[in-house]
Amino acid sequence: MTAGREADGYRAGFACFVGRPNAGKSTLTNAIVGQKIAITSNKPQTTRHVIRAVLHRPNAQLVLVDTPGLHRPRTLLGERLNDLVRHTWSEVDVIGLCLPADEAIGRGDRFISGELAGSKATVLAVVTKADLVDRKRLAEQLLAVSKLGDFAEVVPVSAVSGYQVETLVDVMTRYLPPSPQLYPDDMLTDEPEQVLVAELIREAALEGVRDELPHSIAVVVEEMIREGRLTKVYADVYVERPSQKAIVIGARGSRLKEVGTRARQQIEELLGTRIYLDLHVRVAKDWQRDPKQLRKLGF
């Protein structure tokens, strides 16, 4: 425990962003922490794991919990991701409902707002992607959002431009409970390295095939071996059908090679070492609907 961190006025606690898929939750989490913790993409349901990112301030510690988007489930995986979201809601101090500035409020937003109405946490409305609209449109959206529910505050932000990101942190911190420090000063996330590495590989694998198979890709890191300044990563990329395997590998392995190059750069940034990456593509038939396969893949 750092000296003075139990003094009067110090606050610490958990917060999460919720919202329908692709509302900008993961991008905002990364912008607040100042480092890539959660993977992002323009496809819904990119986030599959709950990842905790720790923001350290002199007077507070904000632990951001990145969650999957709440959605209408079509598979067992979808049902489990929704359960994960609701479980997270029940355990945090502050919830930020993310609503994009450039999209009209829809049924999904109303549904989630209704679900949050009985929450014991402080609920804020966060109007994301403010950089995509002009001031008039933003003002209209802020008014519409304020009528959606009984929010403690409504805050517009842009994770891309940085607009009001610090203001949002100030607001969230204000609603945390008085508490001693929860994590050490040097901790940015409590997520195991292997999970973060697997997520970076999945993000790279999604890059070229989002339209064909956005939800069918899963990644498991089987082994990581450190040898001096080199880290060897052995990972399997899982898809649901042989035809999808062919898409991920590409002609003469060209696409898989691109995935490896892209992922290796990101992993080297994360771990600070040179990376040898060994990737294999495997078929796990209909894994999103199979309880046994889901367990094997960590869901």
Just check the stretch 73-116 against the gyration tensor rule for me: Cα atoms, a ≥ b ≥ c as the square roots of the eigenvalues, rounded for a/c under 1.5, and otherwise prolate or oblate depending on whether a/b exceeds b/c.
-> oblate
Could you pull the Rg and Dmax for the stretch 11-174, using just the Cα atoms, both in Å?
-> 14.5, 44
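Exposure proxy check: Met187, Met224 ranked by fewest other beta carbons within 10 Å? Don't skip to the end; give the middle numbers.
Numbers: Met187 14, Met224 17.
The fewest-first ordering by Cβ neighbours comes to Met187, Met224.
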Out of Gln265, Gln141, Gln61, a Gaussian network model of the chain with alpha-carbon springs under 10 Å gives the largest mean-square fluctuation to Gln265
Could you calculate the FRET efficiency of Leu182 with Lys257 from 1/(1 + (r/R0)^6), where r is the beta carbon distance between them and R0 is 51 Å, rounded to 0.05?
-> 0.75
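Calculated FRET efficiency, Ile225 and Asp83, Cβ-Cβ r, R0 30 Å, to nearest 0.05?
Working: r = 35 Å, r/R0 = 1.15.
Efficiency, from the Cβ-Cβ distance: 0.30.
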Using Cα positions and a limit of under 16 Å, work out the aspartates and glutamates in reach of Lys232, with same-chain residues fewer than 8 apart set aside.
-> Glu193, Glu222, Glu223, Glu268, Glu269, Asp278
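Do any trypsin sites (Lys or Arg not before Pro) in the stretch 71-148 lie in a loop, going by DSSP, with at most 13 other beta-carbon atoms within 10 Å of their beta carbon, and if so which? Intermediate values should be presented prior to the final figure.
Details: sites: Arg74, Arg80, Arg86, Arg107, Arg110, Lys120, Lys129, Arg135, Lys136, Arg137, Lys147; in loops: Arg74, Lys120, Lys129, Lys147.
Those that pass, being in a loop and sparsely packed, are Arg74, Lys120, Lys147.
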With labels modelled as points extended 7 Å from the Cα through the Cβ direction, what inter-label distance (nm, one decimal) is found for Ala144 paired with Glu269?
-> 3.3 nm
When a footprinting reagent is the concern and you count Cβ atoms within 10 Å, what order do Thr273, Thr29 take, fewest first?
-> Thr273, Thr29
Amide H neighbours of Gly13 at under 5 Å, excluding residues fewer than 5 places away on the same chain, with H built from the backbone geometry, are Gln61, Val63
Determine the relative contact order of the stretch 193-296: mean sequence separation of Cα pairs under 8 Å and six or more apart, normalised by residue count, in whole percent.
-> 30 percent
For the chain, built as a Gaussian network whose Cα springs stay under 10 Å, the top-fluctuating residue of Ala117, Ala235, Ala15 = Ala117
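May I ask you to sort Thr128, Thr122 by Cβ crowding, counting other Cβ atoms within 10 Å and putting the fewest first?
Values: Thr128 27, Thr122 20.
Result, fewest neighbours first: Thr122, Thr128.
With r defined as the distance between the Cβ atoms of Glu166 and Arg137 and R0 fixed at 22 Å, what FRET efficiency is calculated, to the nearest 0.05? Could the numbers behind the result be given before it?
Working: r = 23 Å, r/R0 = 1.05.
Efficiency computed from Cβ-Cβ geometry: 0.45.
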Considering amide H positions built from the backbone, and no H for Pro or chain starts, which residues 5 or more places from Arg57, or on another chain, come under 5 Å of its amide H?
-> Leu62
Using a 10 angstrom cutoff on alpha carbons, build the Gaussian network for the chain and name the most mobile of Gly260, Gly34, Gly13.
-> Gly34
Alpha carbon Rg of the chain, scaled by the compact-globule rule 2.2 N^0.38 Å | 1.04
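Helix-derived [θ] at 222 nm for the chain: sum -39500 (n - 2.57) over DSSP H runs of at least 4, divide by residue count, nearest 500?
Details: 9 runs with 101 residues, N = 299.
Calculated from helices alone, the mean residue ellipticity at 222 nm is -10500 deg cm²/dmol.
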Residue by residue, what Karplus-based ³J(HN,Hα) values in Hz, rounded to whole numbers, does the stretch 12-24 have, using 6.51, -1.76 and 1.60 with θ = phi - 60° and x for Gly and Pro?
-> 8, x, 10, 9, 9, 9, 10, x, 5, x, 6, 8, x
By the Kirkwood definition, with r running over pairs of different Cα atoms, the stretch 142-299 has a hydrodynamic radius in Å of 18.8 Å
Counting only residues 5 or more places away or on other chains, whose amide H sits under 5 Å from the amide H of Arg274 once H atoms are built in the peptide plane?
-> Thr231
Phi angles of the stretch 118-124, converted by Karplus (6.51 cos²θ - 1.76 cosθ + 1.60, θ = phi - 60°) into ³J(HN,Hα) in whole Hz with x for Gly and Pro, give x, 5, 7, 7, 6, 10, 10
Violations at 30 Å Cα threshold for listed pairs Lys120/Lys292; Lys129/Lys285; Lys120/Lys285; Lys129/Lys296; Lys257/Lys285; Lys129/Lys292 -> Lys120/Lys292; Lys129/Lys285; Lys120/Lys285; Lys129/Lys296; Lys129/Lys292
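Taken together, the values in this text are just the output of simple stated rules run on the coordinates, not laboratory data. Keep in mind that what you see is a predicted model, and the values were worked out from it rather than measured. Heads up, the Cβs are rebuilt from the backbone with ideal geometry, glycines too, and the neighbour counts pull from every protein chain shown.
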